[in-house]
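Nothing in this text is a laboratory measurement; each read-out follows from the coordinates by a stated rule. Being a predicted model, the structure only gives us computed values, none of them experimental. Note: ideal-geometry Cβ built from the backbone for every residue, glycine included; neighbour counts use all protein chains shown.
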Amino acid sequence: MTSLKRAHPSDGTTGNLSSKVYVRTTRAGKVQKIVRELYLRQDIPCSSKLCTICLSSAPTNYHSKPQPFILSATPTGTKSFPNGHYLVPDTNAFINGMDLFEIETAFTDVIVLQTVLEEVKNRSLPLYHRLVSLTKNEDKRFYVFFNEFRKETYVERDSGESINDRNDRAVRRCVSWYSEHLKKAVGKKSSRCPTVVMITDDKDNLRKAKAESVVGLSLHNYVSGLDNADQLLDMVTEGREQRSTGKAELFYPGYFSLSKMMTGIKAGTLHQGIFNVSPYNYLEGTIHVPAFDKSLIVLGRENSNRAVSGDVVVVEILPKDQWKAPSSKIIEEETVNKDDNADAEQGEGVTTERERKALQEEVKRIHGKTSEGRPQPTARVVGVIKRNWRQYVGHVDKDSVRSSTQQSRAQQTVFVIPMDKRIPKIRVRTRQAGELLGKRVLITIDSWDRESRYPVGHFVRSLGELENKGAETEALLLEFDVQYRPFPKTVLDCLPVEGHDWRIPASLDDPGWKGRRDLRDLLVCSIDPVGCVDIDDALHARPLPNGNFEVGVHIADVSHFVKPNNAMDKEASIRGTTVYLVDKRIDMLPMLLGTDLCSLKPYVERYAFSVIWEVTPDADIVSSSFTKSVIRSREAFSYEQAQLRIDDMSQKDDLTQGMRTLLMLSKKLKKKRMDAGALNLASPEVRVEAESETSDPVDVKTKQLLDTNSLVEEFMLLANCSVAARNYEAYPQTALLRRHGAPPKSNFEELANQLKVKKGMELKTDNSKAVADSLDTCVDASEPYFNTMIRILATRCMMSAEYFCAGTQSYPEFRHYGLASEIYTHFTSPIRRYADLEAHRQLAAAISYETLDPSLHSKPKLEAVCKNINVRHRNAQLAGRASVDYYVGQALKGRVLEEDGFVMKVFSNGFTVIVPRFGIERLIRLRDLATPEPESEFDAEEYVLKFTGARVGRVELFGKVKVRIEDVLEESTGKRSIKLSLV
Amino acid sequence: MPPTSSQLLLSPAELSYLHSSLSLTPPIRPDGRTTTQFRPLVAESGIIPSANGSARVCFSDGTEAIAGVKAEVEKSQWRPGSTEQSLQVDEDGGDDEAGQAGTQGTGENSWISMSIEVPGFRDDDALPVFLSAMLTEALLADGKLKDRLWINRRFHWKLYIDILLLSAPLSYPLPLLSLTTHLALLSARLPKLKSEGDEDPLFDDDWEASTYLYPRDTKGACLDRPPITLLVIAVGPNFVFDPSKEELAVAEAVIALSAGTSDASTLNKNLRLLSIRTIDPPSRLTPLGIPDALSSAATGSAPLPPDEQLAAREGTDEHGVWNPPRGGMKRAVLAQIIKAVIEPGGVAQEVMDGLMHVEV
């Protein structure tokens, strides 16, 4: 009988076939044994420029040229490797030292083995992505060697050998193969043969390497041999094994196993959601889970069990007798745990005595009025599905640095306090504690073990002095994950070669004119803030013979220049939006396009995407049409200029008449919109209409709104709505739209109650119209600002608007609550928003101007795009606000002012005050009023806080107070900011 | 119910000759084997890489079979009979304590499913159905196999055993299929469980870490083995193991015996009888010989009417004239057979030990 079995690879070395067997569990719970065949080859090149053998046998591409080799012929050397060296790191070297590999001064000519790459992928996806992007960086010369497919470097797993041991052996085999191979390739000139060095932190692996005479070093040893080793060593991840304290006490309960959590989630006994920490109370977190309307509350360190704000966690509901109302007390980490010693582990409880006391008081308060029946379900974290740890900006807590060692190079453990108050302080080991004091630093969290009260992280780099403008701006951008690096060359390569000399083709037969309408004779103008260079939109209006008007909105035709899926498009989709800081703009598209070729500058011809309506004098739409066009803007006005021109009755030219028509129509449109229930809301920094949807970024000083602002606003809204309807008609599944969900009624409960109790006013929240109407009635004749304040508070009760893909929601869900529009999208600012660019492409396809790119047909792809731009949009807003905040602080530096303020929120040990003049809102804690902290009595039903003792007073919600404004260096963030105190 | 194609075209005289030589003491078998000697066979296991276990066996008469064992995770049905434990699940949803309490549960018969494919037969024909019933019966009678399929109170493995007879069924294929199944099960492995208690099961993705369905000790020796089913025929006072097709043609009784390792088999030398079945002997359908006294050709007289001839035929017991057996065997013979099978060092033991040496 001849055997039917596949020849075993161990039978002979000639076989080039092997197989890989593993078990796969499918999502449906099926368990499969998977057998993969592996065909081993001999033509996978070593990719060293020294090697000629591989060059002749390497596979060639379509032009019968092999891929250019990556590893340098003269790699850098160190003292121990004078001939230069290639590095072969193993998995844990990458896991522990990814930040090191990313630095520009060292770690070049690295061979990334396929075995290692796959292991990194299994261990940590974010690290894997970073490694892959490293391999694409040409300067770093990282080469991915597919050792598992090359016959000489493939190793068969021995029986009884663990996967890890086998992979380690594979790494060693590769190192020795490379060494021999290079020796052969270099031949007689062996003096110049680079050494191949394995880097591993596995002691066993190092020992075996020594036995097999493979050159191996631990990451630590290798880095110690480099220049500026101290700085580099700080960047190595804090390994678990380095914790010397032996029998550690376990502070936190362990996590459930993954299968237990999955079972629980399926059965509905456990819940999964994103963990959010309250900005007022670092010990209180909330989790929104689909099973409950209201968020679940997680109280205390033990219950939050090492979850960091932003993590996807699994929680278990606590028994009902432990349910609590959300906190009305401010608890800040730096005041509660002021002088922890970063080095000492002994004597640390999970909750310190003071923390326990703070919580205890909370519970007492709740128990005091259980009759009220307000407690919300509480929960505890039993596991983490996905860590969303990123790099955090912070500063070194100077109390945690041992003063005696400030100048020494000895390694010590310090605390880094992140800028984001919701992130716990992070324990970092460093040799440069003295230098880092007073600097903004970038750190990452590596791990958070059960035996450590705080997460352990490592230092990435220093951004510069605290309060240094550059450092603070960079800190902001990093904190809000804004891509601020210059555009890479691949992106710039996508720009038109003519550069600034690019012109609209003169000949109408040119392909650029195909399908375009020539609208150059229309009297088009643009109205923007002063100094605007990226002009997205322009308008025109002219009377028609039948008494109606023709109104046109012309939007920069960005999609003509940015074609789907090229490098520029990808970069733009990642950036998502242009970010406006007070002194800086981080563009979504390269300058050439944004401020010149796309920008609808006056007096030059530009490509545009036009929306043209026929409108009755009562502002009813008769018809609308969409077309790609060529326009020539007659003038670029600022809001003020436009207003002046309209108001100046001596101007009788057609352009001015057109603008007057536009103004007249816009007022009627606005009226209609308000009647339909559009909201007029406010935000504290600057008074902004809710239609900030389209408004250009507002200057801090711009407080006065002109008619011309709302003129532009109205027509942009109209264009967006028209385009949304047209795109949805053409692509009911994949149109990219924007919605603003109706807020759940419970969101308004608190505010409505406050208004009723304090002012006897009623807030109706049945629909947006009712909200708009009742907000109009919330007026205090003596306090004109009162209405604005209520609008600010009401805005905070709302959901945030979001982009979505039409197929993911039902039509009634499309509604834009704030604008009271059935369907809405973003179309009018393609230079600074990616969503608009996508809408342009969809509209262009809908009017049969061009074919739709497949990526815009695919729901999953669009959903990913929406998800990203929603995040980017939000981050851009936050970054902008933080930037304003920083600058207001800088502007008030060294000044002390007294101003009127209003109480917006009352806690049991403090309250927040908004100062209308500067639009700043700050917390005033009772202990800041006087020392010792005044005794307080908080009436939660009447929203009154009375305090006696060192200082006597009474503060009530919505009340007017006189406050002193001064700037202080904030301890927690190390930032100069404004502090309010009660006068 | 022997397969028709296994019918041999032997004359009554040949049948009679075979029968008488097998009835001698000691019996003389046509191929010269001893009564307990098996025909040589070739076997290998692990031939199907993607199955949990597999084997292939070739007998020297040219018959050949492949068996594959595949295991799938299945949700257990809640049964009112298996009360308390299941109720607990609902109450405290996989509490640790409860999980420990039920580390081992009992399996159900439906967790093993077998299908046999015989060339030329439909899957609902009597032969495949009967064969699979017999083999399944032995597996279930073992009792321990189905319990090993229990994962937790909510999940179990479902074992699919697929047997493919590659050759035409020349002789009765039961021993061949049984040995193939035995080998396949012996080589079968299940992924290693990582989850605990009554959670949705989660398995180690390393196939090397998987455990044998029939557990082995650290040195690789089997602690437990799948049952085997042997075919024995009785001829007069004698019995013969592993009958060839000629021997089957003259068998007075055919019995299938299943033997497995005994319950308390720490020593695993002790085998026990799991099932015993008599099988309709094919010899019943052989053409009967006609003694000279009744042959019209020999006597020249007119043939008797059929009923009279039958009656006359019934009375004769002439030596050398083939008379198809009408079934039945002596108790003593049966006792001897059972003893021969399960005694320490007996036939079943020998066969199992032989199969153990097949490289997995």
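A Cβ-based charge dipole, computed about the Cα centre of the range A:796-859 with Lys and Arg at +1 and Asp and Glu at -1, lands at about 200 debye. With R₀ set to 60 Å, the beta-carbon distance separating residue A:468 from residue A:664 gives a calculated FRET efficiency near 0.70. Computed from the Cα positions only, the extents of chain B along the three principal axes stand at 91, 42, 37 Å, in decreasing order. For the range A:892-982, the Cα gyration tensor yields ellipsoid semi-axes of 22, 15, 11 Å (square root of five times each eigenvalue, largest first, whole Å). For the range A:84-201, a simple Cβ point-charge model (Lys and Arg +1, Asp and Glu -1, everything else neutral) yields a dipole of about 580 debye relative to the Cα centre. Among A:659, A:61, A:795, which residue has its Cα furthest toward the positive end of the charge dipole of chain A, with +1 on Lys/Arg Cβ and -1 on Asp/Glu Cβ? Checked the options; the winner is A:61.
Working ranking of peptides A:477-483, A:745-751, A:552-558, A:649-655 by packing, defined as the average number of other Cβ atoms within 10 Å per residue, highest first, is A:552-558, A:477-483, A:745-751, A:649-655. For the range A:750-789, the relative contact order is 23 percent, taking Cα pairs closer than 8 Å that sit 6 or more residues apart in sequence and dividing their mean separation by the residue count.
Fewest-first ordering of A:235, B:134 by other beta carbons within 10 Å of each residue's beta carbon gives B:134, A:235. Per residue of chain A, the DSSP helices (runs of n ≥ 4 H) give a summed -39500 (n - 2.57) that works out to -9000 deg cm²/dmol at 222 nm. Peptide B:201-207 has a mean shielding of 6, counted as Cβ atoms of other protein chains within 10 Å of each residue's Cβ. Entry note, the range A:420-498: relative contact order of 25 percent, from Cα contacts under 8 Å with a spacing of 6+ residues. When the protein assembly as shown is described by a simple charge dipole with +1 on each Lys and Arg Cβ and -1 on each Asp and Glu Cβ, the residue from A:506, A:624, A:251 located farthest towards its positive end is A:506. What are the residues whose amide H is under 5 Å from the amide H of residue B:211, where those residues sit 5 or more places off or on another chain and H is modelled from the backbone? Answer set, sorted by chain and number: B:190, B:192.
The ranking of A:980, B:334 by Cβ neighbour count inside 10 Å, starting from the fewest, reads B:334, A:980.
Available extension along the chain between residue A:706 and residue A:584 is 41.4 nm, counting 0.36 nm per residue and deducting the alpha carbon span. Label separation (residue B:192 vs residue A:546): 8.1 nm, computed from points 7 Å beyond Cα along the C-beta direction. 3J(HN,Hα) along the range A:266-276: 5, 7, x, 8, 10, 10, 10, x, 8, 7, 10 Hz, from the Karplus curve 6.51 cos²θ - 1.76 cosθ + 1.60 with θ = phi - 60°, whole Hz, x for Gly and Pro. Residues B:230, B:288, A:127, arranged from fewest to most other Cβ atoms within 10 angstrom of their Cβ, appear as B:288, A:127, B:230. Candidate cross-link partners of residue B:339 among the lysines, defined by an alpha-carbon separation under 29 Å and a same-chain spacing of 8 or more, comprise B:144, B:146, B:245, B:269, B:330. Relative contact order of the range A:456-543, taken over Cα pairs closer than 8 Å and 6 or more residues apart, is 12 percent.
Evaluated with a Cβ-only charge set (Lys, Arg +1; Asp, Glu -1), the range A:155-221 carries a dipole of roughly 540 debye about its Cα centre, given to the nearest 20. Taking amide hydrogens as placed 1.01 Å from N in the peptide plane, the amide H of residue B:275 sits under 5 Å from those of B:258, each at least 5 positions away in sequence or on another chain. Applying the Karplus relation 6.51 cos²θ - 1.76 cosθ + 1.60 with θ = phi - 60° to the range A:578-588 yields 3J(HN,Hα) values of 7, 10, 9, 9, 4, 10, 8, 10, 9, 6, 7 Hz, where x marks Gly and Pro. With a Förster radius of 22 Å applied to the beta-carbon distance between residue B:280 and residue B:353, the computed FRET efficiency rounds to 0.10.
When a/c is below 1.5 the answer is rounded, else prolate if a/b is larger than b/c, else oblate, so apply that to the protein assembly as shown with a ≥ b ≥ c taken from the square roots of the Cα gyration tensor eigenvalues. Prolate is the answer for the protein assembly as shown, as a/c is 1.5 or above and a/b outweighs b/c. Shape analysis of the range A:494-558 places it in the oblate category; the axes a ≥ b ≥ c from the Cα gyration tensor give an a/c of at least 1.5, with a/b not above b/c. For the residue pairs A:764/A:962; A:670/A:745; A:489/A:859; A:136/A:386; A:489/A:867; A:439/A:584, the alpha carbons lie more than 24 Å apart in A:764/A:962; A:670/A:745; A:489/A:859; A:136/A:386; A:489/A:867. Here residue A:125 and residue B:130 are evaluated by their C-beta separation; at R0 = 41 Å the FRET efficiency comes out at 0.15. Decide, for the range A:70-237, between rounded, prolate and oblate: order the square roots of the alpha carbon gyration tensor eigenvalues as a ≥ b ≥ c, take rounded if a/c falls under 1.5, and otherwise choose prolate if a/b is larger than b/c, else oblate. Since a/c stays below 1.5, the shape of the range A:70-237 is classed as rounded.
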